[in-house]
Amino acid sequence: QVRTEFEDSHVDTVCPYCGVGCQTRVYKKGEEVLYVDGRDGPANENRLCVKGRFGFDYIHHPDRLTVPLIRREDAPKDAKMELDRVSMWKVFRKATWEEALEKAASGLKKVHERDGGNAIAGFGSAKCSNEEAYLFQKLIRQGFDTNNVDHCTRLCHASSVAALMEGLNSGAVSAPFTAAEDAEVIIVIGARPAENHPVAATYLKQAAKAGKELIIMDPRGQSSGLGRHATRILQFKPGTDVALLNGMLHTIVEENLYDVQYVQANTEGFEELKEHVKAFPPEKMQEVCNIPAETIREVARVYAKSTASIIFWGMGISQHVHGTDNSRCLISLALTTGQIGRPGTGLHPLRGQNNVQGASDAGLIPMVYADYKSVEDPEVRGMYEDFWGKELNPKKGLTVVEIMNAIEADEIKAMYVMGENPAMSDPDQNHARAALAHLEHLVVQDIFLTETAYHADVVLPASAHAEKWGTYTNTNRQVQMGRPVVKMPGEARQDWEITRDIGKAVGLDWTYQHPREIFNEMAHVMPSLKNITWERVDQEDSVTYPCEGPNVPGSEIIFTQSFPTTSGRAKMTPASVTPPAELPDRDYPLILTTGRLLEHWHTGAMTRRSDNLDMIEPEAIVCLNRWDMKRMGIDAGDKVRVSTRRGSIELYVRQDRDVPEGMVFIPFCFAEAAANFLTNPQLDPMGKIPEFKFCAAKIEPVQEL
Ligand code: SF4
């Protein structure tokens with residue numbers, strides 16, 4: 001069935017960008033994708049945003065890697081190196097697959113044999129499928145005796161997951177974002193869904209249109225996004241989330257708005273929390289977070305008293321040194337008021353990447369195997385040792401930023417990176433890129449010669465999302481099928497095949513022939529996939545976990561009766577105020593915060609190579625408040641230098657009324673002025689997530705010649 005005279009066929013698959021997980025129909029002619037339409041999936045009901053609809057042309061970009069590359073022996077490793085399509089041949093030479101795989105595997109093997117498994121680390125990717133994520137962590141654990149395996153969840157919702165695991169023993173959302181239609185009150189805090197989860201935002205807009213209370217809490221205003229539909233906007237002082245949320249909890253306790261029955265039957269730790277939040281009266285907190293006490297009280301009342309309230313949050317909550325504490329407060333709000341486990345209620349950390357939920361579930365995390373089972377639990381480890389036929393490392397591994405520090409300290413000497421771009425995504429880029437250049441052996445598997453691949457010894461050309469089979473799990477816990485639309489370019493190969501072949505080359509007895517076999521293995525070790533088979537996902541296109549039977553739909557709402565903890569109760573953990581790690585001062589008087597633009601995705605590797613998207617947002621920008629611009633004598637379009645204690649970049653000024661005075665916002669997708677040269681690598685102690693949302697900065701005008 002074709003839609004127009006132009007295409008000759010179509011394939012049903014899912015969008016490669018954000019965690020919403022929109023189902024798509026991709027129309028093509030021969031091996032060329034022509035256009036994309038939405039399908040009636042549970043997360044999008046035919047809708048798509050600009051990225052999903054128009055951002056497909058990166059697949060055919062001439063920058064695609066088509067042959068394996070090996071670094072020339074005389075090519076220096078330079079942390080500041082940047083290559084284009086011509087100069088890359090001065091550094092790399094074309095290799096055969098046999099030669100490249102041999103070099104990739106032998107370099108890893110050499111370090112493993114000489115220095116032990118903990119001298120090796122792997123970064124997998126939330127862009128890859130569940131099967132690829134599972135196989136990658138298996139390779140690092142089984143093949144190299146280490147748990148040093150992580151991915152970009154560390155930079156995204158690691159602190160949310162840490163708090164959720166601590167409180168509920170489950171890191172997933174309790175209800176899908178479509179539950180907003182059953183809610184009476186919706187709180188969106190530290191998230192900008194209209195830019196980052198645009199189709200999810202449409203459900204929130206619909207709910208607001210239907211008369212639901214939509215409360216937005218964000219230090220940056222949302223005048224042109226979801227804010228237009230909000231009933232209240234609390235533009236609080238950056239970094240004061242805990243004070244604001246404890247002020248709400250104080251009100252709930254003081255005004256007896258908590259659900260006594262729910263608290264008694266389902267929770268632990270209420271008495272400690274009750275005592276703790278006494279110190280946070282809204283009348284005192286208003287000075288801290290710059291929100292009137294009566295507003296804090298009113299929002300607490302509205303949230304607690306409604307028949308159904310739901311909370312959505314994003315990286316404005318998680319990317320702080322107090323990210324876990326921020327999430328703890330949100331969890332306590334839901335638990336004290338019983339606003340969880342019923343239609344229209346719940347806790348929903350909006351997942352960033354298309355498969356960050358699935359990659360985390362699959363064990364691409366240094367502390368846990370699949371389904372968040374601790375690597376330090378002897379019983380769990382014993383099960384994997386029996387299943388994989390190999391003694392496994394009993395200690396948890398290092399996280400993303402810790403791995404970079406360990407490279408600098410000469411503890412980690414070799415790395416295998418599949419589909420991640422730490423040379424753009426990690427904080428303090430001067431340090432991160434120097435670490436990558438310092439590695440004795442770096443293998444990068446990707447579809448483009450990314451900023452990370454510049455530093456590699458071996459580059460392996462991999463498959464784009466539209467070129468392979470695989471399952472992906474979206475923010476709603478919906479496991480969905482991705483299908484190949486076009487062939488891979490040149491000699492590029494499937495990611496799971498490359499990982500399998502490296503596994504074989506280091507001596508593993510791996511015989512996988514199709515991702516289906518890997519999925520079957522995952523289903524064997526992951527109770528969360530009970531009653532979900534490859535065939536079922538292929539046939540039904542989307543199955544939600546947990547799923548109670550082979551013929552029943554999965555459970556959209558969880559924690560309806562109890563929590564998956566030993567006692568069946570959820571735990572509340574009081575949170576104290578921890579200030580941001582670096583506050584503005586005389587030398588660096590502004591607050592820098594980073595994030596994304598609607599049109600660009602993360603480090604820009606894909607969307608900067610989508611002409612359709614890049615022509616809308618083609619150059620590096622910094623967003624400033626008009627009063628700051630006036631004070632500094634800067635006009636829109638001027639070039640400025642933004643500096644922090646870690647580095648400087650130059651970019652063009654955009655006047656932005658959503659940015660409060662004293663703040664600077666920079667999207668982190670522009671390689672020519674990478675925001676992460678500026679960001680602070682200080683970590684949340686529990687989630688180990690860096691503080692991307694707050695550091696001290698200064699601005700100077702740049703005279704253009
Ligand atoms: Fe893709 Fe997310 Fe946009 Fe949906 S909302 S089309 S999943 S980027």
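The values are calculated or read from the model by the stated rules, or taken from the named source; none is laboratory data. Not measured: the values here are computed from a predicted model. Heads up, the Cβs are rebuilt from the backbone with ideal geometry, glycines too, and the neighbour counts pull from every protein chain shown. The area values use the complete protein model at the heavy-atom level, side chains included, leaving out ligands, DNA and RNA. Shrake-Rupley method; radii C 1.70, N 1.55, O 1.52, S 1.80 Å.
Here are a few things to note about the model shown:
- Among the residues making up the stretch 170-189, those that are open to solvent by 10 Å² or more (accessible area, probe 1.4 Å) and either over 16 Å from Ile557 (Cβ atoms) or of a type in the set (D, E, K, R) (or both) are Glu181, Asp182, Glu184.
- Checked against (1) part of a helix (DSSP H, G or I); (2) within 30 Å of Asn476 (Cα to Cα); (3) open to solvent by 20 Å² or more (accessible area, probe 1.4 Å); (4) of a type in the set (A, V, I, L, M, F, W, C), Trp89 passes all but a single condition, namely (2).
- Exactly one residue out of Glu98, Glu132, Glu102 is charged (D, E, K, R), at pLDDT 95 or above and under 28 Å from Gln319 (Cα atoms): that is Glu132.
- Residue ID - surrounded by the most Cβ atoms within 10 Å (Cβ to Cβ), chosen from residues in the stretch 37-47 that are part of a loop (DSSP other than H, G, I, E, B) and more than 10 Å from the ligand (Cβ to nearest atom): Pro42
- If you go through the stretch 56-72 and keep only what is within 19 Å of Met606 (Cα to Cα) and basic (Lys, Arg), you end up with just Arg64.
- Hey, Gly247 part of a loop (DSSP other than H, G, I, E, B) and either modelled with pLDDT of 95 or more or polar (S, T, N, Q) (or both) or not: no
- Checking Gln357 against (1) within 15 Å of Asn474 (Cα to Cα); (2) open to solvent by 10 Å² or more (accessible area, probe 1.4 Å), the condition it does not meet: (2)
- Residue check, Glu556 touching a residue at least 24 places away in the same chain (Cβ under 8 Å) and under 25 Å from the mean Cα position of the chain (by Cα): yes
- Of the criteria (1) of a type in the set (A, V, I, L, M, F, W, C); (2) within 15 Å of the ligand (Cβ to nearest atom); (3) in contact with a Ser or Thr (Cβ under 8 Å, 6 or more places away or on another chain), which one Val50 fails: (3)
- Only one of the numbered conditions (1) in contact with a Phe, Trp or Tyr (Cβ under 8 Å, 6 or more places away or on another chain); (2) free of Cβ contacts under 8 Å to residues at least 40 places away in the same chain is not met by Val91, and that is (2).
- Selection from the stretch 24-36 of residues that are farther than 18 Å from Trp601 by Cβ and either open to solvent by 40 Å² or more (accessible area, probe 1.4 Å) or within 11 Å of the ligand (Cβ to nearest atom) (or both): Arg25, Lys29, Glu31, Glu32, Leu34, Tyr35
- Of the criteria (1) crowded, with 23+ Cβ neighbours inside 10 Å; (2) more than 25 Å from the chain's Cα centre (by Cα), which one Asp638 fails: (1)
- Of the strands (runs of 3 or more DSSP E) contained entirely in the stretch 635-705, those carrying at least 3 residues that are more than 22 Å from Phe236 (Cα to Cα) fall at 639-644, 647-655, 680-683, 695-701.
- Exactly one residue out of Asp585, Asp614 is open to solvent by 20 Å² or more (accessible area, probe 1.4 Å) and touching a helix residue (DSSP H, G or I) at 6+ places or on another chain (Cβ under 7 Å): that is Asp614.
- Flag if Asp12 is within 16 Å of the ligand (Cβ to nearest atom), on the phi < 0 side of the Ramachandran plot and assigned to a strand (DSSP E or B): yes
- Per-region count, the stretch 227-242, residues assigned to a helix (DSSP H, G or I) and either open to solvent by 10 Å² or more (accessible area, probe 1.4 Å) or small (Gly, Ala, Ser) (or both): 3
- Residue list for the stretch 53-83, restricted to those being within 11 Å of the ligand (Cβ to nearest atom) and either open to solvent by 20 Å² or more (accessible area, probe 1.4 Å) or at pLDDT below 95 (or both): Arg53, Phe54, Phe56
- Residue match in the stretch 205-223 (condition: within 16 Å of the ligand (Cβ to nearest atom), open to solvent by 10 Å² or more (accessible area, probe 1.4 Å) and assigned to a helix (DSSP H, G or I)): yes
- All of (1) open to solvent by 20 Å² or more (accessible area, probe 1.4 Å); (2) more than 26 Å from Asp182 (Cα to Cα) hold for Glu548 with one exception: (2).
- Test: residue in the stretch 357-368 that is of a type in the set (A, V, I, L, M), within 16 Å of the ligand (Cβ to nearest atom) and outside any helix (DSSP H, G or I): no
- Within the stretch 308-336, the set of residues being open to solvent by 10 Å² or more (accessible area, probe 1.4 Å) and closer than 25 Å to Glu268 by Cβ comprises Asp325, Arg328.
- Looking across the stretch 588-611 at every residue that is of a type in the set (Val, Ile, Thr) and closer than 23 Å to His320 by Cβ, the one that is surrounded by the fewest Cβ atoms within 10 Å (Cβ to Cβ) is identified as Thr594.
- Considering Val260, Val253, the condition of being touching a helix residue (DSSP H, G or I) at 6+ places or on another chain (Cβ under 7 Å) and either at positive phi or hydrophobic (A, V, I, L, M, F, W, C) (or both) is satisfied by Val253 alone.
- Search result, residues across the stretch 565-614 that are without any contact (Cβ under 8 Å) to a residue 60 or more places away in the chain and under 24 Å from the mean Cα position of the chain (by Cα): Asp614
- Subset tally (residues that are open to solvent by 10 Å² or more (accessible area, probe 1.4 Å) and either farther than 30 Å from Ile189 by Cα or modelled with pLDDT of 95 or more (or both)) for the stretch 144-158: 1
- Of all residue pairs spaced 6 or more apart or on separate chains, those with beta-carbon atoms under 8 Å, a first member in the stretch 480-494 that is at positive phi and a second member that is modelled with pLDDT of 95 or more and surrounded by fewer than 21 Cβ atoms within 10 Å (Cβ to Cβ) are Gly490/Arg64; Gly490/Thr66; Gly490/Val67.
- Scanning the stretch 266-312 for residues that are in a strand (DSSP E or B) and either under 23 Å from Val185 (Cβ atoms) or at pLDDT below 95 (or both) returns Thr267, Ser309, Ile310, Ile311, Phe312.
- Any pair with Cβ under 8 angstrom, 6 or more apart, that starts in the stretch 46-57 at a residue that is more than 15 Å from His465 (Cβ to Cβ) and ends at one that is more than 6 Å from the ligand (Cβ to nearest atom) and in a helix (DSSP H, G or I): Arg47/Thr202; Val50/Leu613; Phe54/Asn612; Phe54/Leu613
- Residue match in the stretch 13-23 (condition: in contact with a Ser or Thr (Cβ under 8 Å, 6 or more places away or on another chain) and free of Cβ contacts under 8 Å to residues at least 40 places away in the same chain): no
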